[in-house]
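So the structure is just underneath, and the comments pick up after that.
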Amino acid sequence: AIYPGEQLIVIVMGAIVSAIVFQSSESLHDLKTGHLLHVSLKTQYLTQLIGVIISSLFSSWLFATFSAAHTIPGPEFPAFNGLAWRTFSKLSSFGQEGLPPH
């Protein structure tokens, strides 16, 4: 067990690592595409910054609107990915004892 009994710490650590890996992968892909298309780095960074600002505002508004209309997680939108994170967290926190008996 990494942090015995501390599921929240394990979930947060996993989420942070997952976000870093995803963002790094996406950024490298975008930079390589820009390089192949002969776009300057300054232009690429500027467009990335504009995209981050616009998408942060829009996705925050969209989540607030969506969560006001629906229960998340709920019967309409269960959090399937959350179950996988919870199982990993139990395994990391409690070892094999944290897993279900089946």
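FYI, it's all coordinate maths here, none of it is from the lab. Because the structure is a prediction, the values reported are computed rather than measured. Glycine also receives a Cβ, built like all others from the backbone with ideal geometry; neighbour counts cover every protein chain displayed.
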Exercise. For an R0 of 30 angstrom, estimate the FRET efficiency from the Cβ-Cβ distance between L49 and I9 and round to the nearest 0.05.
Key: 0.40
Quiz prompt | Assigned charges on the beta-carbon of Lys, Arg, Asp, Glu; the chain dipole about Cα centre (debye) | solution = 180 debye
Self-check item: Residue (of H70, F58, F94) at the positive-pole extreme of the chain, dipole from beta-carbon charges
Solution: F58
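How big is the Kirkwood radius of the chain, worked out from every pair of different alpha carbons and given in Å to one decimal? List each step's numbers first, then the result.
Details: mean 1/r = 0.0589 Å⁻¹.
Its Kirkwood hydrodynamic radius stands at 17.0 Å.
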Quiz item: Tilt of helix 41-69 relative to the longest C-alpha principal axis of the chain, in degrees (0 to 90, nearest 10)?
Solution: 40 degrees
Quiz item: Between S40 and F58, what is the spin-label point distance in nm, taking each point 7 Å from the Cα along the Cα→C-beta axis?
Solution: 2.6 nm
Practice problem: Could you state the angle between the C-alpha long axis of helix 80-94 and the longest principal axis of the C-alpha atoms of the chain, as a value from 0 to 90 degrees rounded to the nearest 10? | Solution: 60 degrees
